[in-house]
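Worksheet for the structure shown next.
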Amino acid sequence: MASTSRGRAQDRARVAGGQDHEVRYEAEKERISKSRVKETVKKVGNSRKKVEASLEK
C-alpha cells in the first residue's frame with residue numbers, strides 16, 4: 001500500500017493515545033507526563049490541535 005502525502009498529513013493531525021511513541025513525543029514536546037497526554041486525548045479527542053491547545057491552558 002502506497003502512502004500518500006495526504007495520508008501522512010492526516011496522520012500527523014491526530015494523536016494516537018494508544019501509540020506509545022506518539023504519546024511520548026507529545027509529552028516531551030509539552031514537557032509533561034505521558035499520563036497527562038493520555039488523559040487529555042480521552043477528554044478532548046485525538047485532534048493534535050485540540051490536545052495541544054488543552055495542554056497549554
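The values are calculated or read from the model by the stated rules, or taken from the named source; none is laboratory data. Since the model is a prediction, treat every value here as computed from it, not as a measurement. The area values use the complete protein model at the heavy-atom level, side chains included, leaving out ligands, DNA and RNA. Shrake-Rupley method; radii C 1.70, N 1.55, O 1.52, S 1.80 Å.
Which whole-Hz ³J(HN,Hα) couplings does the range 21-27 yield from phi under the Karplus relation 6.51 cos²θ - 1.76 cosθ + 1.60, θ = phi - 60°, glycine and proline marked x?
5, 6, 5, 4, 4, 5, 5
Once amide H atoms are placed 1.01 Å from N in the peptide plane, what residues at a sequence separation of 5 or more from residue 14, or on another chain, have their amide H within under 5 Å of its amide H?
Answer set, sorted by chain and number: 48.
Using protein chains only and a probe of 1.4 angstrom, how many square angstrom of residue 29 are accessible, to the nearest 10?
Roughly 100 Å² of residue 29 is accessible to a 1.4 Å probe.
What percentage of the solvent-accessible surface of the chain, computed with a 1.4 Å probe over protein heavy atoms, is contributed by carbon and sulfur atoms?
Exposed carbon and sulfur together represent 48 percent of the surface.
Return one whole number: the accessible area per residue of the chain in Å², for a 1.4 Å probe.
Ligands and nucleic acids excluded, the result is 78 Å² per residue.
Taking just the alpha carbons, could you work out the radius of gyration and Dmax for the chain, both in angstroms?
Reported Rg and Dmax, both Å: 11.6, 39.
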